[in-house]
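Chemist: First the structure, then my questions, so here it is.
Here, each number is a calculation from the coordinates, and none is a lab measurement. This one's a predicted model, so the numbers in the text were calculated from it and none came from an experiment. Here the Cβ is made from the backbone with ideal geometry for all residues, glycine too, and neighbour counts use every protein chain on show.
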There are 2 protein chains.
Amino acid sequence: MKQVIVVRKDLKLTKGKMSVQVAHASLEAYRIAEKKYPDKVKKWLRTGAKKVVVGVKDEEELIKIQKSIPRKIPSKLIIDAGKTHLEPGTKTCIGIGPFDDEEIDKITGNLKLIN
Amino acid sequence: MKQVIVVRKDLKLTKGKMSVQVAHASLEAYRIAEKKYPDKVKKWLRTGAKKVVVGVKDEEELIKIQKSIPRKIPSKLIIDAGKTHLEPGTKTCIGIGPFDDEEIDKITGNLKLIN
């Protein structure tokens, strides 16, 4: 079990800004997963709540990823309200899972970790 | 209402690693807050779930912050299992809240945003 957060690299978010966007995605995807698969999610929490952050080139790639997520896998696209540095409505990242590793790898397996 | 995540700057975490640690802290503090103050937390979620990431110099400063948190404010210290790059048992960050802005500002108000 893991949760993967897919972030746009072209926004060139700073460490702090990226951390906030990833936390939004992580929490929102968790909330959906927790309602749909409470037992799975409890197990994930008990075993370290693995989270992985990977990158895509731009909004187009982000949307392509979003469209490839099967309905059974909990996910949440984060759209920034634009109160600070981003334009209102900027799609920044997607939280996927927690869900089975193999199922998530089918979606994000070829994306690189963000350093 | 806001949630503040306090991160150690001396660990020199990369964007991806910091995002994961912050997401751990955000989710764990949320889970505590949600049980203790469900109505407050629902309101926070409905109004954008504001999250702020600030820095401290080192572990000593992180622990000092932890000790200054009143019992009524939900918080969670994140200790890394050390499976990837950090030493096992490394204290990386603290998630505080969501809780009232003024109450959290008493604890973290003089800490600077992480860029």
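Chemist: What's the average, rounded to a whole number, of partner chain beta-carbon atoms within 10 Å of each residue's beta-carbon in A:30-43?
Modeler: Values: counts 5, 4, 0, 0, 1, 0, 0, 0, 0, 0, 0, 0, 0, 0.
Other-chain Cβ atoms within 10 Å of each residue's Cβ, averaged: 1.
Chemist: Right, another one. What list of ³J(HN,Hα) couplings, whole Hz, do you get for the range A:88-103 from phi and the Karplus terms 6.51, -1.76, 1.60, once you set θ to phi - 60° and write x for glycine and proline?
Modeler: x, x, 5, 7, 9, 6, 10, x, 10, x, x, 7, 4, 3, 5, 5
Chemist: Let me ask something else. Let me understand the range B:2-108 better: what is its radius of gyration from the alpha carbons, and its Dmax, in angstrom?
Modeler: 13.3, 38
Chemist: Under the rule that an exposed site lies in a DSSP loop and has at most 15 other Cβ atoms within 10 Å, name the longest stretch of chain B with no trypsin sites (Lys or Arg not before Pro) of that kind, not counting the sites themselves.
Modeler: B:13-56
Chemist: Using just the alpha carbons, could you tell me how many Å³ per residue the convex hull of the protein assembly as shown encloses? Let's see the in-between values first.
Modeler: Working: hull volume 27.3 nm³, N = 230.
So the per-residue hull volume is 119 Å³.
Chemist: Calculated FRET efficiency, residue A:67 and residue A:102, Cβ-Cβ r, R0 22 Å, to nearest 0.05?
Modeler: Efficiency, rounded to the nearest 0.05: 0.65.
Chemist: Mind checking the dipole of the range B:30-115: about its Cα centre, +1 per Lys or Arg Cβ, -1 per Asp or Glu Cβ, Debye to the nearest 20?
Modeler: Here the size comes out at about 440 debye.
Chemist: Which percent, nearest 5, of DSSP beta bridges in the range A:2-108 are antiparallel?
Modeler: Antiparallel bridges make up about 65 percent of those DSSP assigns within the range A:2-108.
Chemist: Whole Å is fine, so just give me how far the alpha carbon centre of the range A:1-21 lies from that of the range A:56-114.
Modeler: 9 Å
Chemist: Counting pairs of alpha carbon atoms under 8 Å apart in space and at least six apart in sequence, what relative contact order in percent does the range A:2-108 give?
Modeler: 43 percent.
Chemist: Using unit Cβ charges (K, R positive; D, E negative) and no other charged atoms, how large, in debye to the nearest 20, is the dipole of the protein assembly as shown about its Cα centre?
Modeler: Values: 50 positive and 30 negative charges, 81 e Å.
With Lys and Arg at +1 and Asp and Glu at -1, about 380 debye.
Chemist: If you don't mind, there's one more thing I want to ask. Just name one of A:38, A:88, A:70: the one whose Cα is farthest towards the positive end of the charge dipole of chain A (beta-carbon charges, Lys/Arg +1, Asp/Glu -1).
Modeler: Ranked along the dipole, the leading option is A:38.
Chemist: Going 7 Å from Cα along the Cα-Cβ axis for the label, what nanometre distances separate residue A:35 from the same residue across the other copies?
Modeler: Relative to the other copies, residue A:35 has label-point distances of 2.2 nm.
Chemist: Considering amide H positions built from the backbone, and no H for Pro or chain starts, which residues 5 or more places from residue B:56, or on another chain, come under 5 Å of its amide H?
Modeler: B:7, B:8, B:9
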